[in-house]
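This report refers to the structure that appears directly beneath it.
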Amino acid sequence: MIITILEGVARRLKEDFPGMRVYDSEVRQGLEPPCFLVAVLEPSRARLVGQWWRQEQMFDVQYFPKTEDTNELYATGGRLFDTLETIALPDGALRGTGMRFETVDGVLHFFVKYTVFLRRREPKEHMEILHVKEHVKE
């Protein structure tokens with residue numbers, strides 16, 4: 001589920017920022033600014049009632065600007081509130097919560113959390129082979 005949400009975030013960024021590179025995994029060499037890097041932070045899962053679980057994923061969407069203009073960072077951060085409010089998934093949509101951003105060393109860090117409710121189905125015991133013998137009394 002984490003990978004599905006990560007792909008949804010990357011797809012949403014590509015839609016709202018066309019032409020901008022979006023990296024959704026670790027970059028070994030260098031980044032080509034302007035670009036986004038989406039990182040997964042602190043996934044957690046808690047059992048609710050019965051077979052139900054609540055899973056939360058926090059994401060850090062990092063924006064690397066081409067210049068060192070802080071106004072560009074603030075404008076992009078403000079835009080990301082609307083962009084990442086909802087993301088589309090194959091089986092529906094998710095709403096982001098706990099959104100906030102900060103700038104550190106000329107990089108924008110936008111944090112957003114997505115919560116899903118999962119149902120784990122327990123494997124059912126199937127009946128083994130049943131042999132039946134019938135006969136009629138005369």
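Worth a mention:
- Rolling a 1.4 Å probe over the heavy atoms of the protein chains gives the chain an accessible area of 72 Å² per residue.
- For the chain, the Cβ-based charge dipole about the Cα centre amounts to some 560 debye (Lys, Arg positive; Asp, Glu negative; other atoms uncharged).
- Residue-level accessible surface for residue 111, protein heavy atoms, 1.4 Å, Å²: 20 Å²
- Near residue 57: Cβ cut-off under 15 Å, other residues only, Lys/Arg at +1 and Asp/Glu at -1. The net charge is 0.
- Environment charge at residue 76 (Cβ cut-off 13 Å; Lys +1, Arg +1, Asp -1, Glu -1): -3
- Summary value for the chain: 22 percent relative contact order, contacts being C-alpha pairs under 8 angstrom separated by 6+ residues.
- Globularity ratio of segment 1-124, using Cα Rg and 2.2 N^0.38 Å: 1.16
- Rounded to the nearest 10 square angstrom, residue 23 shows an accessible area of 50 square angstrom against a 1.4 Å probe.
- Each stretch of four or more DSSP H residues adds -39500 (n - 2.57); spread over every residue of the chain, this sum gives -7000 deg cm²/dmol at 222 nm.
- For the chain, the fraction of 1.4 Å probe accessible surface lying on carbon and sulfur atoms is 50 percent.
- With a cut-off of 14 Å between beta carbons, the residues surrounding residue 87 carry a summed charge of -2, where Lys and Arg count +1 and Asp and Glu -1.
- Trypsin sites (Lys or Arg not before Pro) within segment 1-58, DSSP loop, no more than 12 other Cβ atoms inside 10 Å: 28
- In segment 40-74, the GluC sites (Glu not before Pro) that fall in loop regions by DSSP, at most 15 other Cβ within 10 Å: 68
- Separation of the residue 113 and residue 25 label points, Cα + 7 Å toward Cβ, nm: 2.8 nm
- Paramagnetic reach from residue 11 in segment 111-131 [backbone N under 20 Å; point 7 Å along Cα→Cβ]: 112-118
The values are calculated or read from the model by the stated rules, or taken from the named source; none is laboratory data. Because the structure is predicted, anything quoted here is derived from the model rather than measured. Counting neighbours? That spans all protein chains shown, and the Cβs are built from the backbone with ideal geometry, glycine included. The protein model used for the area step is the full one, side chains on, heavy atoms only, and it has no ligands, DNA or RNA in it. Shrake-Rupley method; radii C 1.70, N 1.55, O 1.52, S 1.80 Å.
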